[in-house]
Amino acid sequence: MRRTWVAGVVLAIAAVIVVVVSSALELELESAALLGAALGAVVALVPDRTPAARLGGFAAGFVAAWIGYLLRAALLPDSAGGRAVAVGLVVLLCVGITAASFDRLPLWSTLLGTAALSGAYEFTYAAAPPEFASTSLTTASTLLLNVAVGFLAAAIVSASPERTPATEHPATAPGEPAADTRDDARLDDFMMEKNK
């Protein structure tokens, strides 16, 4: 519980600093401060695979979404059908990336990367599709900087694993398996005896 509070406070401070510095230096990062910081923290805090794999999946999904917008701007009609094709292709691209990596890049992180760019950019894209080249790069750089801040803030806190009741299994003697493992072994033995 303590680590949750620390992570939240550190993340809040980092997001506030981004907004204040951005405003003072006219960097225009405020529009994606909360979205980026929260998404970066999710990538850092989810205990699935390595941080590099989670970041790689996020980046791959981000690029997949950008390709979807590129296809919409260059090839697809600005209609419900064109948007549906783009959405379907982006999701399939995320699945393909995960499959090609043999699940080293988690699907959830590629989808999160896709959702990040889509959430930050859809309104801007819809307002001026012909300006895709400039607006997409501006949005992507703004969002990725905020994601990096959120990831680093949360990663600092999550670097040392916290023991939780779910991970604590007192062994009955040094070197002996935990109680729940022994119970599974007993059940297996019982089932084997029953089948004889």
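Every read-out reported here was derived from the displayed coordinates using simple, explicitly stated rules and does not represent laboratory data. Quantities reported herein were computed from a predicted structural model and do not represent experimental measurements. FYI the Cβ positions are ideal-geometry reconstructions off the backbone, even for glycines, and counts take in every protein chain you see.
Over all projection directions, the Cα-based convex hull of segment 2-162 averages an area of 9.7 nm².
Return the FRET efficiency for the residue pair A100, A24: r is the Cβ-Cβ distance, R0 is 41 Å, and the value is rounded to the nearest 0.05.
Details: r = 43 Å, r/R0 = 1.06.
The value I calculate is 0.40.
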